[in-house]
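Read the figures in this text as sums done on the coordinates, not as results from a lab. Since we're looking at a predicted model, the values are computed, not measured. For neighbour counting, all protein chains shown are included, and Cβ atoms are generated from backbone atoms with ideal geometry for every residue, glycine included.
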Amino acid sequence: LKTGSTAKAKYCLSATANKDGIDLIAVVMAAPDYKIRFQDAMKLLNYGFAVSSLYTDENKDALTARTVKGGVADEAAIIYREAFRYLDIGGHDVSQIKKEILLPVEVEAPVRKGDIAGRAVYTLDGKEIGSVDILFDEDVEKATYRDYVKKVFRIFF
């Protein structure tokens, strides 16, 4: 990324690298000569990649709509807020990460798009390592007497 040298600072380098979706930065200061700064930067980056593992869940799986009690609609669609990413630097096997969806069976109307419906919780070796909010993807207004009459009318006619 950037090299530099002065009599007092000696040979310096900031280097970047990307591997398997992981971006690392190495900074070497006061190296005794220009060749060693590059070797030290490579050692730092190689070490960083050796101890790092990235887990990504894009959260593309479909979520079942939630039942809305007392609403104009009987259900509300839900979506994940975002993807989940976890960088492990402890040597754990990230393939052992487990995801648990925590959602209520039903919710009370009204429901607003963007409100939190629940969350997806990620654990590794029994410890929570992070979570992603699950949001309502549509509005459901509270049903009025008129809405109930319409529902009954549709059932019989």
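What relative contact order, as a whole-number percentage, does the chain give when Cα pairs under 8 Å and 6 or more residues apart are counted? Write down the numbers at each step before the final one.
Working: 297 pairs, mean separation 27.8, N = 157.
Contact order relative to length: 18 percent.
Can you give me the angle between helix 145-156 and the longest principal axis of the chain, using Cα atoms only, in degrees from 0 to 90, rounded to the nearest 10?
It is inclined by approximately 70 degrees.
How far apart, in nm, are the 7 Å Cα→Cβ label points at residue 92 and residue 139?
Placing both labels 7 Å beyond Cα along the Cβ direction yields 4.1 nm.
Sort largest first and round to whole Å: the equivalent ellipsoid semi-axes of the chain, each the square root of five times a Cα gyration tensor eigenvalue.
Over the Cα atoms of the chain, the semi-axes work out to 56, 16, 10 Å.
How much of the DSSP bridge set in the chain is antiparallel, in percent, rounded to the nearest 5? All intermediate terms of the calculation are to be shown ahead of the outcome.
Details: 38 of 41 bridges.
Percentage antiparallel, nearest 5: 95.
Not counting the cut sites, what is the longest span of the chain without GluC sites (Glu not before Pro) that DSSP labels loop and that have at most 15 other Cβ atoms within 10 Å?
Value returned for the longest uninterrupted segment is 83-140.
Can you list the lysines whose alpha carbon is less than 25 Å from that of residue 8, not counting same-chain residues fewer than 8 positions off?
Counting by Cα, and skipping residues close in sequence, residue 8 has these lysines nearby: 35, 43.
For the residue pair residue 154 and residue 128, what label-to-label distance in nm results when each label sits 7 Å from Cα along the Cα-to-beta-carbon direction?
3.8
Please give the charge dipole size of the stretch 15-57, origin at the Cα centre, charges +1 on K and R Cβ atoms and -1 on D and E Cβ atoms. Round to the nearest 20 debye.
220
Any of 60/113; 69/99; 69/150 with alpha carbons more than 23 Å apart? Name them for me.
Values: 60/113 19 Å; 69/99 27 Å; 69/150 16 Å.
The answer is 69/99.
Do any chymotrypsin sites (Phe, Trp or Tyr not before Pro) in the stretch 62-154 lie in a loop, going by DSSP, with at most 13 other beta-carbon atoms within 10 Å of their beta carbon, and if so which?
Here no loop site has a sparse enough neighbourhood.
Between residue 75 and residue 27, what FRET efficiency comes out of the Förster formula 1/(1 + (r/R0)^6) with R0 = 41 Å and r the beta carbon distance, rounded to 0.05?
Numbers: r = 53 Å, r/R0 = 1.30.
So the FRET efficiency works out to roughly 0.15.
Using the Cα centre of the chain as the reference point, and only Cβ charges (+1 on K/R, -1 on D/E), how large is the resulting charge dipole? Debye, rounded to the nearest 20.
540
Report, in degrees rounded to the nearest 10, the 0 to 90 angle that the Cα long axis of helix 34-51 makes with the longest principal axis of the chain.
Tilt relative to the chain: about 30 degrees.
Residue 10: which aspartates and glutamates have alpha carbons under 16 Å from its alpha carbon, excluding same-chain residues fewer than 8 sequence positions away?
Cross-link targets: 33, 40.
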